[in-house]
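Report on the structure given below.
The values are calculated or read from the model by the stated rules, or taken from the named source; none is laboratory data. Keep in mind that what you see is a predicted model, and the values were worked out from it rather than measured. Reconstructed Cβ throughout: ideal geometry from the backbone, glycine too, with neighbour counts over all protein chains shown.
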Amino acid sequence: MKRFVLAVLFSLFLLPLASVVFAAGGAGPDKSMLKGVFTEINEAAHTAVLQKDGTEEFKNLIIGEHVKVESLRLGKKVLVSLDHNAGENVIKDVSIMFMDMTLKKLFALLTVGLVGGILSGFIGSGGAFVLTPAMMSLGAPGAVAVASNMCHKFPKAMIGTYKRWKYGQVDVKLAATMATTAIIGVQIGVQIQKHILNKWGNDGSNLYVSAVFVVVLILVGCYVALDAYKLAKGGKDTPEQASTLAMAMQKINIPPMMNFKVAKVRISAWVTIPVGLLTGMLAATIAVGGFIGVPGMIYVIGASAMVASATELGIAFVMGLWGSIQWGLSGLIDIRLSVLLLATSLIGVQLGALGTTYVKDYVIKITMAATMLIVAVSRGALLPGYLAKFGLVDQLAPSTAVFLESLSFWALVAALGTAGLISTGAMVKGMLADRKETKLHIVAEADRA
Amino acid sequence: MATQQKKTKPYLSTVIFGAISISFYVLLFSNETLVTDTYTKGGIYTLYPIGTVFLFSFIHGAFASNLLNLLGIEAKKK
């Protein structure tokens, strides 16, 4: 009880810190962005008047050299980014906030929502890495895509957590500890990002994010894949047996010690906190904290893949809710996108969650490793372009650049598809085997009677 | 005789939650412009998108859960 009160007090102490944290999925909305409606466009003078959203304030803007005047539309809500290098109030880019919804876009959103949901329910994180680029390619501005995705992620994670909690897989205390420390981690991550952005500009920032993405995903992905391969080869399911690293960590006896009942782990807070911090830092850098959170809980803390992936959903709920409030305050959530994704992802997440009750622990690891490694390919394909922009390698030929960009996008789609197939396949196989077993059981009972 | 106790399938609740869910979607999309404009005003208006997704997740989540149940897709009984 005393420990619990201490934990609550500790969280309250950290709360003011959390208030400066922006979205868990990155550095939050860009402050130099304006939101509003054009009330006047003067093509000849290359100027425009923008009424700022929710205010009576009008702002005179200069249309930048590279902006096509025809692309500006009167009376539609737009996001305007300014080019501070070109002078004061110079427009760099204009994007229409709400894309027109067509039947094709509707089906695309429903499909990615379903697969993302299954993946999320199954491995605890999933979808964000492909949902955001998918929405952007459908025509949503980047900030709106991130915001709307986050606003769909937290209710999905909430339903998923509830389901998996019912199956006895969520360690609420571990989720709370990880979420609190992850929020601080996000703040550290955002500061590092800001520092890099100030020092090396946008290209440097892109290079940093991609490099971290590739290195972390390949290292962790290979480790998880190797472990899953060993477990699968042995044909055994040993979730109770923690990794060597986790065993060593559990031997560290520096107070305060924390007891996680569902995860069946007793470990020092000095081990748990860094894992949470790193999860948050990665969430702020590459927008998918789960890729380090789940392996961290498995290999460092010593939870089973089942408990770790379920607990990650709880963390995603807390961080997603927090992030959504931040993006909502800036008014960037396109609710249509969020609810359309929810229409299928709420079915998917429950399907994925119940699927975990039919599969062995290592299947979750295989799915996770496959996703991480293919996503690494996707991000890796962008590295040469960023390196060239930064002047570290020769400029790429235009055809190569286009090829690498489409390779990157399709690798993401492949990652989502592969993971969806592995998890659904394992789920169906498990269900059929279970039904057969039940049938045999009933026949045997009837024979005995 | 070994008889399995059969649970009644949640036909009624699936239909009710489904109907409420569909009407919410119709309501939102038929007032698309008003909704998107109001929901993106920022500040206190944040409560709209957050509240909406909570509402949708409870109603539509309940529908999804009942639907899976109806289709016989359930978690493994230990």
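Observations on the model:
- The range A:62-80: number of residues that are among the aliphatic types (A, V, I, L, M) and farther than 21 Å from A:SER330 by Cα: 6
- Some residue of the range B:66-73 being away from chain A (no Cβ under 11 Å) and at pLDDT 90 or above: yes
- The set of residues in the range A:143-170 that are among the basic types (Lys, Arg) and out of contact with any helix residue (DSSP H, G or I) (no Cβ under 8 Å at 6 or more places or on another chain) contains only A:LYS166.
- Scanning the range A:100-110 for residues that are within 24 Å of the chain's Cα centre (by Cα) and either away from every other protein chain (no Cβ under 14 Å) or more than 20 Å from B:VAL26 (Cβ to Cβ) (or both) yields A:PHE107, A:ALA108.
- The range B:10-32 residues that are under 23 Å from A:ASP334 (Cα atoms), paired with ones that are surrounded by 15 or more Cβ atoms within 10 Å (Cβ to Cβ) and among the aliphatic types (A, V, I, L, M) (beta carbon under 6 Å, 6 or more apart): B:ILE20/B:ILE59; B:SER21/B:ILE59; B:LEU28/B:VAL35
- The set of residues in the range A:323-352 that are touching a helix residue (DSSP H, G or I) at 6+ places or on another chain (Cβ under 7 Å) and more than 8 Å from chain B (Cβ to nearest Cβ) comprises A:GLY323, A:TRP327, A:LEU337, A:LEU340, A:LEU341, A:THR344, A:SER345, A:GLY348, A:VAL349, A:GLY352.
- Annotation for the range A:290-301: at least one member residue is of a type outside the set (S, T, N, Q) and touching a Gly at 6+ places or on another chain (Cβ under 7 Å).
- Count of residues meeting criterion [basic (Lys, Arg) and surrounded by fewer than 24 Cβ atoms within 10 Å (Cβ to Cβ)] in the range A:338-378: 1
- Out of A:GLY75, A:GLY116, A:GLY121, sole residue that is within 14 Å of chain B (Cβ to nearest Cβ), in contact (Cβ under 8 Å) with a residue 60 or more places away in the chain and of a type outside the set (Ser, Thr, Tyr): A:GLY121
- Every condition in (1) in contact with a strand residue (DSSP E or B) (Cβ under 8 Å, 6 or more places away or on another chain); (2) surrounded by fewer than 16 Cβ atoms within 10 Å (Cβ to Cβ); (3) of a type outside the set (D, E, K, R); (4) at pLDDT 80 or above holds for A:SER32 except the one numbered (4).
- Residue ID - surrounded by the most Cβ atoms within 10 Å (Cβ to Cβ), chosen from residues in the range B:20-65 that are hydroxyl-bearing (Ser, Thr, Tyr) and more than 9 Å from chain A (Cβ to nearest Cβ): B:THR38
- In the range A:260-376, counting only helices (runs of 4 or more DSSP H) that sit wholly within it, the ones holding 3 or more residues that are β-branched (Val, Ile, Thr) and under 13 Å from the mean Cα position of the chain (by Cα) span A:269-286.
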